[in-house]
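Structure, as structure tokens:
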Amino acid sequence: MRQLTGLFLSVILAFGASSASGQNGPVVVELYTSQGCSSCPPADEFLRQLAKRDDVIPMALHVDYWDYIGWKDTFGQAKFTKRQKGYARAAGKRMIYTPQMVIAGQEHVVGNKPGQVSRLIKSHKAQDTGIDLKVSRSGNKVLIEAEADRPSKRPMWVQLVRLRDLASVDIKRGENAGKKITYSNIVSDWQRIDTWDGDSPLSISRPVKGTDQVVVILQAADYGPILAAARTR
């Protein structure tokens, strides 16, 4: 397990729809990983297995803080490191590490412990958040609709995420030098597009391009619990 002891170191193509409701929606699993981390490949492979499940939205966020060891992660983005730091700050932790999985925005676990992760996924599937979320795509626009059975105690972030299905990388340097690793559900972009209080129905649309998966996540502000998620192409 690689860790940083200082927190601040450093749709279906034409038409498609996906919906999620409190207890039946998929559970979001975020993997913080790096091509430069020798402990990460087992977690990367586990994420590939999770990608086969309909009840989970697994996402690989490649961080950039291991680039200094000699290999620049080809998917790494500073914004993903910032998100991981945000989770650590919200949890009162002064450490970030790879591989780390965050389950439903709440549970922080080592990413290569599949048994523990699977138990947490099962636990969060049983929780009812009282939010219905529908996501559909028509051409180059995605429509997001949501309703809540009660106003939220704190604002929710409406987030639009793009996922690349699969990519193989020949790693030339660093701890994984000489390995060819296949990654799945690679986050290519993550945007916070709106804020919602749940008091009245939400209905917004945003432009999207390309064929990458589109995921919409409703999350309590300031890195709180993920309350609903849905996906389309």
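The values are calculated or read from the model by the stated rules, or taken from the named source; none is laboratory data. These numbers were taken from a predicted model, which means no experiment stands behind them. Glycine also receives a Cβ, built like all others from the backbone with ideal geometry; neighbour counts cover every protein chain displayed.
Okay, residues lined up against (1) basic (K, R); (2) farther than 18 Å from A51 by Cα; (3) surrounded by 19 or more Cβ atoms within 10 Å (Cβ to Cβ):
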| position | (1), (2), (3) |
| --- | --- |
| V158 | no, yes, yes |
| A167 | no, no, no |
| D170 | no, yes, no |
| G174 | no, yes, yes |
| P201 | no, yes, no |
| I204 | no, yes, no |
| V215 | no, no, yes |
| L218 | no, yes, yes |
| Y223 | no, yes, yes |
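Here's the yes/no breakdown for (1) assigned to a strand (DSSP E or B); (2) surrounded by 14 or more Cβ atoms within 10 Å (Cβ to Cβ); (3) not charged (D, E, K, R):
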{"position": "R89", "(1), (2), (3)": "no, yes, no"}
{"position": "R94", "(1), (2), (3)": "no, no, no"}
{"position": "V102", "(1), (2), (3)": "yes, yes, yes"}
{"position": "G105", "(1), (2), (3)": "no, yes, yes"}
{"position": "N112", "(1), (2), (3)": "no, yes, yes"}
{"position": "I121", "(1), (2), (3)": "no, yes, yes"}
{"position": "L133", "(1), (2), (3)": "yes, yes, yes"}
{"position": "I144", "(1), (2), (3)": "yes, yes, yes"}
{"position": "S152", "(1), (2), (3)": "no, yes, yes"}
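Taking the criterion of being surrounded by fewer than 18 Cβ atoms within 10 Å (Cβ to Cβ) and in a loop (DSSP other than H, G, I, E, B), the residues of the range 52-71 that qualify are K52, R53, D54, D55, G70. If only residues of the range 176-199 that are under 19 Å from T232 (Cα atoms), hydrophobic (A, V, I, L, M, F, W, C) and in contact with a helix residue (DSSP H, G or I) (Cβ under 9 Å, 6 or more places away or on another chain) are counted, the one that is surrounded by the fewest Cβ atoms within 10 Å (Cβ to Cβ) is W190. Filtering Q35, Q49 for residues that are under 18 Å from the mean Cα position of the chain (by Cα) and more than 21 Å from R231 (Cβ to Cβ) leaves a single hit, Q35. Residue-level check: of (1) of a type outside the set (D, E, K, R); (2) within 25 Å of Q77 (Cα to Cα); (3) in contact with an Asp or Glu (Cβ under 9 Å, 6 or more places away or on another chain), V215 misses just (3).
Considering the range 161-233, the qualifying strands (runs of 3 or more DSSP E), each wholly inside and each with 3 or more residues that are of a type in the set (V, I, T), run over 180-196, 213-220.
Residues are listed down the side, and each one gets a yes or a no for (1) of a type outside the set (S, T, Y); (2) more than 18 Å from K79 (Cα to Cα):
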position: I131; (1), (2): yes, yes
position: I144; (1), (2): yes, yes
position: R150; (1), (2): yes, yes
position: A167; (1), (2): yes, yes
position: K172; (1), (2): yes, yes
position: K180; (1), (2): yes, yes
position: Y183; (1), (2): no, yes
position: V187; (1), (2): yes, no
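Does T129 satisfy being polar (S, T, N, Q), within 20 Å of the chain's Cα centre (by Cα) and within 16 Å of L227 (Cβ to Cβ)? Judged against the criteria, T129 is a match. Every test in (1) of a type in the set (D, E, K, R); (2) in contact with a strand residue (DSSP E or B) (Cβ under 6 Å, 6 or more places away or on another chain); (3) more than 27 Å from R233 (Cβ to Cβ) is passed by K141 save one, and that test is (3). Does any residue of the range 72-84 turn out to be surrounded by fewer than 16 Cβ atoms within 10 Å (Cβ to Cβ), under 30 Å from R150 (Cβ atoms) and either at pLDDT 95 or above or in contact with a helix residue (DSSP H, G or I) (Cβ under 7 Å, 6 or more places away or on another chain) (or both)? Checking the range 72-84: not a single residue is surrounded by fewer than 16 Cβ atoms within 10 Å (Cβ to Cβ), under 30 Å from R150 (Cβ atoms) and either at pLDDT 95 or above or in contact with a helix residue (DSSP H, G or I) (Cβ under 7 Å, 6 or more places away or on another chain) (or both).
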